[in-house]
Amino acid sequence: MLLSTSPYLGHIITTEVVVWGIVVGAMLAFTVYFFQMRVLGSLVRELCASCVGEENAKTLSELGKNKTFYRHFLGESGILRRIISVVGGELPKNSEGACDFESARFYISADKLEIAEKRYSKDVKIYMYIIGIVACVAVGVAMHFALPWILGFLPEV
């Protein structure tokens, strides 16, 4: 069903485009949530279990998490830095002025432990992710066929 034509875009916006746009957005949201809870959450859960307090701090290599994406999220403005602290307060720099993740020791302070456990306590299983994506596609297919029928009951404007 036609919703609008755009002289600027040069194409017709239909209910199908809107429905599938929402479905793709929901699938992207599921993917981001899965990544945060499964991948980043595994690092936070490991730190909660063994690295509470500065005296128990460990490097990424000691934690078995020496991957580039962990480094990105633990950088100076990374999202995990709100929860995870570095010994000394700042990431050490190497001779080239870049952050030295090889020697940086990470921990969770006792005052942030409760927040970290609440936020990342759930380990999202892969089947939950697959069910979410399949549900998004099922809702999209249902709305693809049902929405034009429902909108058919509305009076023409």
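The values are calculated or read from the model by the stated rules, or taken from the named source; none is laboratory data. Owing to the predicted nature of the structure, the values given are computational and were not obtained by experimental measurement. So basically every Cβ, Gly included, is an ideal-geometry build from the backbone, and we count neighbours across all protein chains shown. SASA here: full protein model, heavy atoms, side chains in, ligands and nucleic acids out. Shrake-Rupley method; radii C 1.70, N 1.55, O 1.52, S 1.80 Å.
General remarks:
- Qualifying positions in the range 108-124 - surrounded by fewer than 12 Cβ atoms within 10 Å (Cβ to Cβ) and in a loop (DSSP other than H, G, I, E, B): Asp123
- In the range 19-34, the qualifying residues are those that are surrounded by 15 or more Cβ atoms within 10 Å (Cβ to Cβ) and among the β-branched types (Val, Ile, Thr), and the one that is modelled with the highest pLDDT is Val23.
- Entry remark, the range 52-86: residues being part of a loop (DSSP other than H, G, I, E, B) and within 11 Å of Tyr107 (Cα to Cα) number 4 in total.
- Of the set (1) crowded, with 17+ Cβ neighbours inside 10 Å; (2) modelled with pLDDT of 85 or more, all apply to Leu74 but (2).
- Against the numbered list (1) modelled with pLDDT of 85 or more; (2) over 30 Å from Ile22 (Cα atoms); (3) open to solvent by less than 60 Å² (accessible area, probe 1.4 Å); (4) assigned to a helix (DSSP H, G or I), Met37 comes up short only at (2).
- For the range 87-107, a residue qualifies if it is in a strand (DSSP E or B) and open to solvent by less than 50 Å² (accessible area, probe 1.4 Å), and the qualifying residues are Cys99, Phe106, Tyr107.
- When Ile79 is tested against (1) open to solvent by less than 30 Å² (accessible area, probe 1.4 Å); (2) over 30 Å from Glu16 (Cα atoms), exactly one condition is not met: (1).
- Candidate set: the range 136-149, residues that are open to solvent by less than 50 Å² (accessible area, probe 1.4 Å) and either outside any helix (DSSP H, G or I) or at pLDDT 90 or above (or both); chosen: the one nearest to Leu80 (Cα to Cα): Cys136
- First in the range 112-136 and touching a residue at least 40 places away in the same chain (Cβ under 8 Å) and small (Gly, Ala, Ser), second anywhere and open to solvent by less than 90 Å² (accessible area, probe 1.4 Å) and in a loop (DSSP other than H, G, I, E, B), Cβ under 9 Å, 6 or more apart: Ala116/Ile83
Each row is one residue, and each column tells you yes or no for (1) in contact with a strand residue (DSSP E or B) (Cβ under 7 Å, 6 or more places away or on another chain); (2) acidic (Asp, Glu); (3) at positive phi.
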{"residue": "Leu47", "(1), (2), (3)": "yes, no, no"}
{"residue": "Glu62", "(1), (2), (3)": "no, yes, no"}
{"residue": "Thr68", "(1), (2), (3)": "no, no, no"}
{"residue": "Ser77", "(1), (2), (3)": "no, no, no"}
{"residue": "Arg82", "(1), (2), (3)": "no, no, no"}
{"residue": "Val86", "(1), (2), (3)": "yes, no, no"}
